[in-house]
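What follows is a set of notes on a single structure, which appears directly below.
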Amino acid sequence: MTGQRVPIDRLPSAWSGRDDGPGAEHARWHHVVKPLPNYFSPPVDGRAELVREGFSGPAVVGFASDEGVRRNAGRVGAAEGPTAIRAVLGGLADPGTVVVDLGDVVVDDGDLEAGQSRLATVVADVLHAGALPVVLGGGHAVAYGSGSGWVSRRDETWGVLNLDAHLDLRKAEHATSGTPFLQLADDLAAQQRRFHYSVIGLSRPSNTRTLLDTADRLGVAILDDVDTDASSAVAAAQALLAKVDRVHLTLDLDVLPASVAPGVSAPAAFGVPIAVVLAVLRTVAASGKLGLFEVAELNPRFDIDARTARTAARCVDEVVRHLA
């Protein structure tokens, strides 16, 4: 449309944190992260830049969007999530590997679908370069953008492991934070490919019968929050790992107790203990099959003492430290 403002995807911001002195023994995340400032600068070819760098480690990209949450009648503010996670990560000790930061895909014009498409391009670029996408949300609509980046990789079988209180299999006229996995299922069905989907930490009262029926039709493996401990959660993760070549690991922070993660769109009544979540993250990271990791639903506007942001950052740090 003539005159319509085009959102500007952000270049990587400067990382900062405590500086205890020179040398690797004092290094923190902000010392080892390598921003790629030209990634979102036309006419630079982002894929070519990644390949030219010869990078094969974790590549961070933010999805600064809460449009899906707004459409889903949730509490907006998740667009500020990527910045809040980076702010905490910067001060954590060196994770033991170089990390690149590509910046943020920004959705601030209401066009969620276009933002998801741009994120899919970034994820596809990172995968093509042989690196690991680490996506910082943003509402859980981020999962369709991330997933669309690997759906075209027909030489591999992918599965989705979702740590979440919700199935996010809602059918709606437009994409929301509640529709991403049904959208992925539909895309795979159109290619006559199977949808491998496992949910750990489901809050059954927070999911309608229609959603549960959809999950049953799609063959979704479900572990309820009240039945989730470290043993059952790791077993569920291993069951999915045994079926696929790569795992899209998505952590919706509302799977955690509200006392641990108050800064989300929909705080949990019960939730899954953080130790259980970490056991799953470490299992998948160490499996050699992690294809993509994302964190969703951090809403700094409702956080308390950056409690949720700190938890999200620690989860990212744990995954990076335990990569096979």
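Odds and ends about this structure:
- Per-residue ³J(HN,Hα) for the stretch 81-91, Karplus 6.51 cos²θ - 1.76 cosθ + 1.60, θ = phi - 60°, Hz, x for Gly and Pro: x, x, 5, 5, 5, 4, 4, 7, 4, x, x
- Heavy atoms of ASP19 accessible to a 1.4 Å probe, total area in Å² rounded to 10: 100
- Accessible surface ranking for ILE222, ILE200, 1.4 angstrom probe, highest first: ILE222, ILE200.
- Considering only ASN207, ASN299, ASN162, the mean-square fluctuation computed in a Gaussian network model of the chain, springs between alpha carbons under 10 angstrom, is largest for ASN207.
- Carbon and sulfur %, accessible surface of the stretch 194-271 computed with the full protein complex present, 1.4 Å: 51
- Once exposed loop GluC sites (Glu not before Pro) are cut out (DSSP; at most 13 other Cβ, 10 Å), longest piece of the chain: 1-155
- Solvent-accessible area per residue for the chain (1.4 angstrom probe, square angstrom): 41
The values are calculated or read from the model by the stated rules, or taken from the named source; none is laboratory data. None of the values given here were measured: they were computed from a predicted structure. As a convention, Cβ positions derive from the backbone with ideal geometry for all residues, glycine included, and neighbour counts pool all protein chains shown. For accessibility, only protein heavy atoms count, side chains too; no ligands or nucleic acids. Shrake-Rupley method; radii C 1.70, N 1.55, O 1.52, S 1.80 Å.
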